[in-house]
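Read the structure below first, then the notes.
The values are calculated or read from the model by the stated rules, or taken from the named source; none is laboratory data. From a predicted model like this one, the values you see are computed outputs, not experimental measurements. Note that we place each Cβ from the backbone using ideal geometry, even for glycine, and neighbour counts take in every protein chain shown. The area values use the complete protein model at the heavy-atom level, side chains included, leaving out ligands, DNA and RNA. Shrake-Rupley method; radii C 1.70, N 1.55, O 1.52, S 1.80 Å.
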Amino acid sequence: MSKQKLSAAELSAMLAQSMEQLAREVLPGGRKNGAEWLCGSVAGEAGRSLAVHLYGPKAGVWKDFASGQSGDALDLIAASLTGGDLSEAYRWASNWLGLTHETVAIRRAEIKEKCEKAQKVQQEYEKNNRATARKLWLDARPDIIGSPVDAYLKGRGIDLRKLDHAPGALRFAPEHYCHEIRAPLPAMLAAISNLEGKIIALHQTWLGQHGGQWTKANLQCAKKVRGRMSGGFIPLRKGASGTTLKQIKPGETVAIGEGIETCLSVAMACPELRILAAVSLSNLGSVQLPDTATDVLILADRDEAPTAQQGLRKAIDQFLQADRSVRVAKPPKGKDFNDVLG
């Protein structure tokens with residue numbers, strides 16, 4: 001590597017350190033949403049299809065969920081400003097950062113120091129975030145029968161009384177802070193756990209009353225995850241065996257879907273199944289399973305969008321690569337299994 005020129009990776013790392021400023025300039029029609037910058041596409045118009053991480057170890061990482069495009073900060077400049085030309089994007093980024101031959105060595109040292117510092121800060125942040133997620137869940141009400149959570153699910157066609165017991169991962173928080181409105185709202189909280197049974201993140205669904213019925217709150221984003229959930233899952237049913245996931249025996253099917261409502265809808269029809277909610281399609285194939293879990297049933301949405309099909313294919317491949325047999329179930333009507341109850 002030349003001492004007089006930063007590598008593309010180093011340049012991208014430098015850009016990531018000023019990611020919010022860069023996103024505002026390159027994607028002017030977007031808006032900040034927590035730790036992300038959201039816009040419609042690489043053209044920079046208003047919307048939510050493209051998300052850019054602004055801080056932490058993922059700063060600069062972006063994805064356009066409509067087109068499937070993704071990359072780092074330098075790739076974003078190429079896609080947004082230079083028609084995909086990375087050489088031109090490199091020159092533009094160097095000018096934007098004010099780089100000269102004389103400052104390269106200094107900036108290279110700065111990159112290393114700042115990246116190491118940012119990594120330590122991020123690790124501490126994630127540790128505290130996990131602790132907060134656990135506390136919020138533990139402080140919520142475990143008995144959800146008769147609560148707004150129960151009413152919300154019943155409004156979605158899910159009657160928990162028809163199951164032998166309500167999912168232990170779900171709780172009700174009467175006043176759960178919502179950053180979007182900067183005030184507390186009632187919420188359904190779900191513990192996202194790892195294979196060891198430890199809570200690693202928190203799924204939040206804020207609730208509100210409309211026409212006397214409990215529904216999702218009228219927010220731009222009524223559902224959010226607090227903490228890093230990669231590989232985690234929401235355990236909703238232990239199935240006929242009643243054992244923990246770690247104690248599963250070969251031959252028992254593990255059904256994995258995306259959302260809580262989709263998975264509970266399947267539980268209504270097949271209470272004997274062990275059912276996990278992966279929260280998102282991107283996490284579905286990453287869900288931690290013991291080696292003895294050899295039979296996976298994916299509860300897929302009926303979504304023909306190319307990105308959804310790619311995500312499903314990726315999840316299938318991940319399970320196959322782990323030497324598991326994979327079957328896919330799709331709802332006979334509607335987009336997901338909850339629509340079948342509608």
For this session: Tally the residues that are loosely packed, with under 14 Cβ neighbours inside 10 Å and farther than 16 Å from residue 255 by Cβ, restricting the search to the range 312-325.
Result: 5
Exercise. For residue 20, all conditions in the list (1) open to solvent by 30 Å² or more (accessible area, probe 1.4 Å); (2) part of a loop (DSSP other than H, G, I, E, B) hold save one; what is the number of the exception?
Worked result: (2)
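Does residue 165 satisfy the criteria of being closer than 17 Å to residue 237 by Cβ and out of contact with any strand residue (DSSP E or B) (no Cβ under 8 Å at 6 or more places or on another chain)? Even if it seems obvious, please write down each step before you answer.
Values: closer than 17 Å to residue 237 by Cβ: yes; out of contact with any strand residue (DSSP E or B) (no Cβ under 8 Å at 6 or more places or on another chain): yes.
Yes; evaluated as a whole, the condition is true for this residue.
Those residues that are more than 18 Å from the chain's Cα centre (by Cα) and in a helix (DSSP H, G or I), I need them from the range 252-277; list them, please.
Let us first name the residues in the range 252-277 that are more than 18 Å from the chain's Cα centre (by Cα), namely 252-255, 264-275.
Listed by number, the residues that qualify are 264, 265, 266, 267, 268, 269.
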Exercise. Looking at this structure, is residue 209 in contact with a Ser or Thr (Cβ under 9 Å, 6 or more places away or on another chain) and at pLDDT 90 or above?
Worked result: yes
For this session: Would you please list the contacts, defined by Cβ atoms under 7 Å and residues six or more apart or on different chains, that run from a residue in the range 5-19 that is in contact (Cβ under 8 Å) with a residue 60 or more places away in the chain to a residue that is crowded, with 22+ Cβ neighbours inside 10 Å and of a type outside the set (Gly, Ala, Ser)?
Result: 8/74; 11/74; 12/74; 15/22; 15/74
For this session: Would you check which residues across the range 216-251 are open to solvent by 40 Å² or more (accessible area, probe 1.4 Å), in a loop (DSSP other than H, G, I, E, B) and touching a residue at least 24 places away in the same chain (Cβ under 8 Å) and list them?
Result: 220, 228, 230, 240, 241, 244, 249, 250, 251
Seminar exercise, completed: When the range 130-180 is checked residue by residue, the ones that are open to solvent by 30 Å² or more (accessible area, probe 1.4 Å), of a type in the set (Asp, Glu) and in a helix (DSSP H, G or I) are 139
Exercise. With 66, 35, 9, 79 as the choices, which residue is more than 30 Å from residue 120 (Cα to Cα) and surrounded by fewer than 16 Cβ atoms within 10 Å (Cβ to Cβ)?
Worked result: 66
For this session: Please find, among 299, 289, the residue that is out of contact with any Lys or Arg (no Cβ under 8 Å at 6 or more places or on another chain) and modelled with pLDDT of 95 or more.
Result: 299
Seminar exercise, completed: From the option list 29, 68, single residue qualifying as farther than 15 Å from residue 96 by Cα, without any contact (Cβ under 8 Å) to a residue 40 or more places away in the chain and part of a loop (DSSP other than H, G, I, E, B) is 29
Exercise. In the range 301-311, is there at least one residue being in contact with a strand residue (DSSP E or B) (Cβ under 6 Å, 6 or more places away or on another chain) and surrounded by 15 or more Cβ atoms within 10 Å (Cβ to Cβ)?
Worked result: no
